[in-house]
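What follows is a set of notes on a single structure, which appears directly below.
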Amino acid sequence: MKKPLILIVDDEPDIRELLEITFNRMAIETCSAENVHSAKSLLNKTDFDLCLTDMRLPDGNGLELVDLIQLMAKPIPVAVITAHGNMDTAILAMKKGAFDFISKPVDLTVLRQLVSTALKLTGPINTKERRMRHLLLGESDIMREIRSKIGKLARSQAPVYISGASGSGKELVARLIHQQSPRSDHPFIAINCGAIPPELMESEFFGHKKGSFTGAVTDKKGLFQAADGGTLFLDEVADLPQSLQVKLLRAIQEKKIRPVGENQEIPVNIRLLSATHKNLAEIVQNGSFRQDLFYRINVIDLHLPPLRERSSDIPLLTQHILTQLAEANGTAMPKLSDQALTALQQYPFPGNVRELENILERALALYDGNHIELDDLNLPLLINQTTDVVGYNPALGTLEDYLEEIEKKAIANALEDNKWNKTAAAKQLGLSFRSFRYRLKKLNMED
């Protein structure tokens, strides 16, 4: 079996020798260059499996090699060695496509982990794209582009910030990045930052030693250690308190954590993904979220569109969801009428895919066993109103409460316009009398 071949680029002979000895002990062959010119020449003549380059070189810097490798017919992973504390350079390298970075003085344990992970990257970028179609559904241009980006992001260790409205599939995308990556045989740990009490956050993230505080009766591993070798996904990262933001920043930069009550730092090897439905840039501006942490987690931004911006995907999503629901309930696959499908494609879906799932699950319980009709969907009255659904504010209550208030106002206005004639009010709203009565009962408006 052919041994992996790594290109080492560094102008210091002692560093090159240390790296060569380290890799040879890992059964990896090496080839060295002392400057950018020599490295470019070797890259043109030899097929390498990985390039490890210092940033500061006599005739240029490592970013030139990062750019060159991205333009190759078959790009290889490239990792950069940066001066201690020079995170801005490391972030720039990863934005340009570098696989990962390591700081001087080089920690050999961290280096071996980095190289082992990088060497798992084989095959073209889109080898799993077809498989991904069955998980991240949609044939719209924007969904094809997102699947392509996921394939590329899976080949990097750069922190990814996934933005998008609630229900748009942020955790699903994070899982797909993990599953497509060389870390897929290690844990994927997802945590909702808004669901942990602030006083327990440090212990949950970094673990604790027995006796470090009241109630700490045993040693406990934190989420970073639980995800070691794999991926840590921080959902609703905007909800992190300031005190933990500082510690998280250090853990990302140093790739080490310190459990509560522990004197020594522990190396951790994780890929960090984060998400929130809030506008994190605005939260940074008002001072609630650290700007330096925002730059660290937002090396690459992946935005997920709301469902209303890809309505052409709704028929495919609807069929998939109904198939799953029918299988779970042990019933025949229901059919959707043309009128019902048209209504779904016109509805703005403030709750995104999650709301579509809820609407179809409810329809499956209400329909008569033949076709799911428009009445069975019981869509909120946003289709017939001019309400600005984009203006929903979570501070005003849950999405369900918000939609109920809109429905109540629409129904009350229609009843007043028609002097409380329910049949006329239903007609004005474009509803059947059966559907109108269902809504009156659901909203406690029968009197």
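Averaging the sequence gap over all C-alpha pairs within less than 8 Å and six or more residues apart, then dividing by the number of residues, gives the stretch 242-293 a relative contact order of 39 percent.
Among residues other than GLU254 with Cβ under 10 Å from its Cβ, the summed charge is +2 (Lys and Arg +1, Asp and Glu -1). Packing, as the average of other Cβ atoms within 10 Å across residues, places the peptides 158-168, 366-376 in the order 158-168, 366-376, highest first. Fully extending the segment from THR423 to ASP59 would add 122.8 nm, taking 0.36 nm per residue of separation and subtracting the current Cα-Cα distance. The stretch between LYS120 and ASP219 holds 32.3 nm of extra length on full extension. This uses 0.36 nm per residue minus the Cα-Cα distance. Think of a 1.4 Å ball rolled over the protein heavy atoms: the stretch 267-363 then has 46 Å² of accessible area per residue. Counting only alpha carbon atoms, the long axis of helix 242-254 and the longest principal axis of the chain meet at about 40°.
Using a Förster distance of 45 angstrom, determine the FRET efficiency expected from the C-beta separation of ASN24 and LEU316, and round it to 0.05. Before the final figure, lay out the partial values.
On the way: r = 52 Å, r/R0 = 1.15.
The computed FRET efficiency comes out at 0.30.
Kindly identify the stretch 323-366 as rounded, prolate or oblate by the Cα gyration tensor criterion: order the square roots of the eigenvalues as a ≥ b ≥ c, call it rounded if a/c is under 1.5, otherwise compare a/b with b/c, prolate if a/b is larger, else oblate. It comes out oblate by the Cα gyration axes. Short-range pairs are left out: with C-alpha atoms under 8 Å and at least six residues apart, the relative contact order of the chain is 11 percent.
Given R₀ = 22 Å, what would the calculated FRET efficiency be for MET72 paired with LEU172, taking r from the Cβ atoms and rounding to 0.05?
Efficiency for this residue pair is about 0.10.
If a/c stays under 1.5 just call it rounded; otherwise compare a/b with b/c (prolate if a/b is bigger, oblate if not). Do that for the chain, with a ≥ b ≥ c from the square roots of the Cα gyration tensor eigenvalues. Prolate, because a/c is 1.5 or more and a/b exceeds b/c.
Set the bar at 20 Å for Cα to Cα. Now go through LYS3/LYS40; LYS3/LYS96; LYS220/LYS247 and name every pair that lies beyond it.
LYS3/LYS40; LYS3/LYS96
In terms of the mean number of neighbouring beta-carbon atoms within 10 Å, the peptides 52-60, 309-317, 332-340 order highest first as 52-60, 309-317, 332-340.
Among rounded, prolate and oblate, which fits the stretch 164-212 when a ≥ b ≥ c are the square roots of the eigenvalues of its C-alpha gyration tensor, a/c under 1.5 means rounded, and a/b larger than b/c means prolate?
oblate
For the stretch 86-231, the solvent-accessible area works out to 45 Å² per residue, with a probe of 1.4 Å and every protein chain left in place.
The values are calculated or read from the model by the stated rules, or taken from the named source; none is laboratory data. If you're wondering where the values come from, they're calculated on a predicted model, not measured in any experiment. Note that we place each Cβ from the backbone using ideal geometry, even for glycine, and neighbour counts take in every protein chain shown. These area figures cover heavy atoms from the full protein model, side chains too; ligands, DNA and RNA do not enter into them. Shrake-Rupley method; radii C 1.70, N 1.55, O 1.52, S 1.80 Å.
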